[in-house]
Amino acid sequence: MREVFIGRENLLKLIGRWARDHRVYVPVGFDDMNHPETPDYVLVEDEVPQNMILEGAAPAHSAKPFLFYPREVVANYPTSETEARVDAPSTIVIGPRGCDVRGVEKFDKVYWSTKHFTEEYDDPFYIEKRENTLLVTIDCTAPKETCFCTMVGGKPYAEDGFDLNLSLVTGGCILAAGTEAGEKLLEGSGDLLSDVLDSHREERDRNRNSVTEAVERQNAEFKVDVPYDRHNLEGTKEAWEEVTRDCVACGACNRCCPTCTCFLLVDHSAKGGYERTRDWDTCLSIGYARTGGGGNSRPYLSERLENRIRCKYEYSRDRYGLVTCTGCGRCIDVCMGKIDMREAIKHVVTEMAKA
Amino acid sequence: MKNLYRPIESVIEDIKPETPNITTYRFRPKEPITFEAGQFVELTVPGVGEAPFTPSSDPGMKDALEITIMRVGTVTAALEQLKVGDTVGLRGPYGHGYNFDDFEGREILVVGGGVGLAPLRSLIYALFHKPERFKKISIRYGARTPADIVYKDLLPEWEKVPNAEVQLTIDAPHPDWSGTVGVITVLLEDVPFDMKSAVACVCGPPIMLKFVNIKLLEKGMQPENIYHSMERNMSCGLGKCGHCMLGKYYICKDGPVLTAAQIAEFEDPF
């Protein structure tokens with residue numbers, strides 16, 4: 001696939017051109033946030049924001065909210081319309097990282113089975129958005145403290161799953177197409193592009209290696225003897241209670257997680273009937289597994305947090321063939337109890353070995 | 001693309017009280033819904049919400065289906081306020097049916113507790129289509145009190161079916177009851193079946209499933225021959241929303257009937 005070099009100023013022009021025909025989201029810095037170093041997405045309106053940040057690690061949000069809205073109308077009642085009505089504007093998201101495209105992989109398996117050879121039902125609301133959304137990934141240039149992609153088989157750059165990938169190098173960046181749709185984004189903009197030099201490629205490889213090493217180095221203390229895709233985290237009741245001690249079941253980890261695919265269907269009254277929305281849900285809430293009669297298969301918070309973490313490492317692996325913790329570290333960033341997925345796993349594995 | 005979340009408008013055609021808190025409704029969907037014994041549907045009370053139920057009618061019944069429902073929560077309480085001619089939403093069916101080819105020529109034990117006989121009723125109808133396909137069909141049913149027994153008019157009819165028998169128990173002695181007393185497991189003490197090859201289909205409250213499972217295994221049944229109707233909160237019914245997850249299983253899609261062998265790895269799957 002095609003690889004080109006583009007200077008920083010020209011990149012802004014190119015993004016501006018894309019914004020004529022697409023909704024384009026770019027990561028920008030917010031000075032007033034608790035994490036000023038973590039950018040988040042904004043929609044490009046008239047011009048590309050000056051505070052666009054391509055450096056660093058993953059933005060505050062993964063690609064999830066672009067493909068699976070936090071709340072979305074999925075049905076009306078009564079209606080005789082059998083087809084799904086989906087609002088899926090043509091969108092380009094600039095900024096997902098290697099961890100984020102691995103997150104999309106889980107969504108593909110759950111919501112788009114015919115293309116991804118799972119045995120699930122195809123979901124029109126996901127598929128249309130997925131088809132109309134192009135992902136322009138960026139190589140991480142430095143990890144956050146909480147990044148641990150390399151511990152779960154990932155890399156701080158995308159190896160596949162992108163339409164275009166952007167690697168920052170001196171004076172600009174390398175744009176590498178991963179799909180035909182990605183190549184099309186470069187069409188007609190030859191005036192902004194030039195050939196990639198060997199020195200650019202060498203610099204890219206050097207950056208990638210050094211960030212990979214940095215992620216490995218900062219996670220050395222969390223290493224356990226079990227490979228990430230061979231975990232049995234059954235653990236002990238006490239170990240899970242210890243992990244849960246500072247959890248308040250706020251569900252922030254579910255929301256920011258690139259692979260939390262769960263939702264709740266909620267009915268609301270609307271003109272002439274009612275409408276049904278599909279809302280993100282959190283498996284940490286006590287009502288999550290509660291049945292009409294009041295029964296609950298996971299009444300204790302420690303059981304629910306155990307379920308969440310084992311879902312990432314074991315249940316998804318056993319069902320979809322995919323460990324769905326991507327090591328993005330967002331659940332650690334947002335946790336008000338400072339629960340760290342890496343420490344949790346190490347604790348459970350260590351205690352189990354003792355038991 | 002077809003919308004998976006759209007309920008089909010369905011008219012309430014008949015309402016039949018079974019016990020003080022259990023009612024059988026007959027619904028006529030405006031677009032046909034056909035199901036196999038064991039599968040379930042999602043029922044919407046307009047403006048209130050949606051909940052999963054397994055139909056209790058004969059899967060062979062065309063154009064309409066019946067569901068026997070106990071008042072336990074918001075949706076079921078709202079349903080009780082509706083009248084014949086009102087409409088509800090239905091979508092489905094979801095999950096797998098029982099595999100009857102596997103049951104052929106074998107002894108079948110149907111074990112129900114309380115309103116748990118409702119989903120089993122559609123299974124019983126399906127078994128009774130050709131009762132001679134099976135060596136014997138034994139229905140063992142427990143209710144809390146005599147007043148809580150569902151399908152009082154049908155139980156004597158089922159007794160008359162060739163190859164079939166029905167046994168009942170109630171939880172505690174009662175002036176109106178001269179039959180067996182004790183929880184459902186008392187009816188499982190001396191089943192005259194070859195337990196190694198017999199099949200059991202069980203439905204009832206989680207606590208009952210737990211003890212029936214222990215009893216049947218103790219009596220020598222094979223875990224792969226014990227089918228449990230698992231009770232879980234199911235929002236989508238499609239194996240996506242996650243509410244019914246049990247380890248790697250989505251009860252709605254991989255079940256709602258799972259064998260004791262499938263759930264053996266869990267400490268308390270019920």
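In region B:139-262, the ratio of gyration radius to Kirkwood radius, Rg to Rh, stands at 1.01 when only Cα atoms are counted.
Peptide packing for A:80-87, A:345-352 was compared via the average number of neighbouring C-beta atoms within 10 Å per residue; ordered from the highest value, the list is A:345-352, A:80-87.
Label sites at B:SER178 and A:GLU180, each approximated as a point 7 angstrom past Cα along Cα to Cβ, lie 8.1 nm apart. Across peptide B:41-49, the average count of Cβ atoms from other chains found within 10 Å of a residue's Cβ is 3. Based on the Stokes-Einstein relation at 37 °C and a viscosity of 0.692 mPa s, and on the Kirkwood radius from alpha carbon pairs, chain A is assigned a translational diffusion coefficient of 151 µm²/s. Pair-distance distribution P(r) for the protein assembly as shown, from all Cα-Cα distances in 20 Å bins starting at 0: 18, 44, 28, 9, 1 percent.
Could you list, in their original order, any pairs among B:LYS16/B:LYS152; A:LYS223/A:LYS354; A:LYS109/A:LYS237; A:LYS106/B:LYS248; B:LYS152/B:LYS219 whose Cα atoms are separated by more than 23 Å? List each step's numbers first, then the result.
On the way: B:LYS16/B:LYS152 12 Å; A:LYS223/A:LYS354 17 Å; A:LYS109/A:LYS237 32 Å; A:LYS106/B:LYS248 14 Å; B:LYS152/B:LYS219 29 Å.
From the list (B:LYS16/B:LYS152; A:LYS223/A:LYS354; A:LYS109/A:LYS237; A:LYS106/B:LYS248; B:LYS152/B:LYS219), the Cα-Cα distance tops 23 Å for A:LYS109/A:LYS237; B:LYS152/B:LYS219.
Fully extending the segment from A:THR170 to A:GLU213, taken as 0.36 nm per residue of separation minus the present Cα-Cα distance, adds 13.4 nm.
The per residue volume of the convex hull around the alpha-carbon atoms of region B:8-94 is 83 Å³.
Look at the stretch A:284-292: the mean tally of other chain Cβ atoms within 10 Å of its residues' Cβ atoms is 5. Kindly work out what percent of the DSSP beta bridges joining two residues of region B:8-94 are antiparallel, to the nearest 5. Once the DSSP bridges in region B:8-94 are tallied, antiparallel ones form about 100 percent.
With neighbour counts taken as other beta-carbon atoms within 10 Å, the residues B:ASP86, B:ASP63 rank, fewest first, as B:ASP63, B:ASP86. Taking a spot 7 Å from the Cα of B:GLN81 along the direction of its beta carbon, which residues of region B:28-65 have an amide N less than 15 Å from it? Taking a point 7 Å out along Cα→Cβ of B:GLN81, the residues of region B:28-65 whose backbone N falls under 15 Å are B:45-50. Report the FRET efficiency, 1/(1 + (r/R0)^6), for A:SER285 and A:THR236, where r is their Cβ-Cβ distance and R0 is 22 Å, rounded to 0.05. For R0 = 22 Å, the calculated efficiency reads 0.35.
The packing ranking of peptides A:99-109, A:115-125, A:153-163, highest mean first, is A:99-109, A:153-163, A:115-125, where packing means the average number of other beta carbon atoms within 10 angstrom of each residue.
Comparing mean-square fluctuations of B:VAL11, B:VAL161, B:VAL257 from a GNM of chain B with C-alpha springs under 10 Å, the top value falls on B:VAL161. Take the Cβ-Cβ distance between A:ASP160 and A:SER80 as r, set R0 to 35 Å, and report the resulting FRET efficiency rounded to the nearest 0.05. Step by step, r from the Cβ atoms, then E = 0.25. Looking at the protein assembly as shown alone, DSSP beta bridges between its own residues are antiparallel in about 65 percent of cases.
Sorting A:SER285, B:SER56 on the 10 Å Cβ count, fewest up front, what's the list?
In increasing order of surrounding Cβ atoms, one gets A:SER285, B:SER56.
With a Förster radius of 51 Å applied to the C-beta separation of A:MET336 and B:GLU31, the computed FRET efficiency comes to 0.60. Normalising the Debye intensity of region A:1-137 to I(0), with uniform scatterers on Cα atoms only, and taking log10 at q = 0.09, 0.16 Å⁻¹ returns -0.33, -0.93.
Across region A:228-354, the convex hull enclosing all Cα atoms gives 128 Å³ per residue.
Exposure proxy shown here: for B:LYS152, A:LYS144, A:LYS338, the number of other Cβ atoms within 10 Å sets the order, fewest to most, as A:LYS338, B:LYS152, A:LYS144. Dimensions of region B:76-202 based on its C-alpha atoms, expressed as ranges along the principal axes with the largest first, amount to 47, 42, 24 Å.
Scoring B:107-120, A:308-321, B:177-190, B:16-29 by mean Cβ neighbours within 10 Å over their residues and listing the highest first yields B:107-120, A:308-321, B:16-29, B:177-190.
Taken together, the values in this text are just the output of simple stated rules run on the coordinates, not laboratory data. Predicted model, so just to flag it, every value in this text is computed and none were measured. Here Cβ is always computed from backbone atoms with ideal geometry, including for glycine, and neighbour counts include all displayed protein chains.
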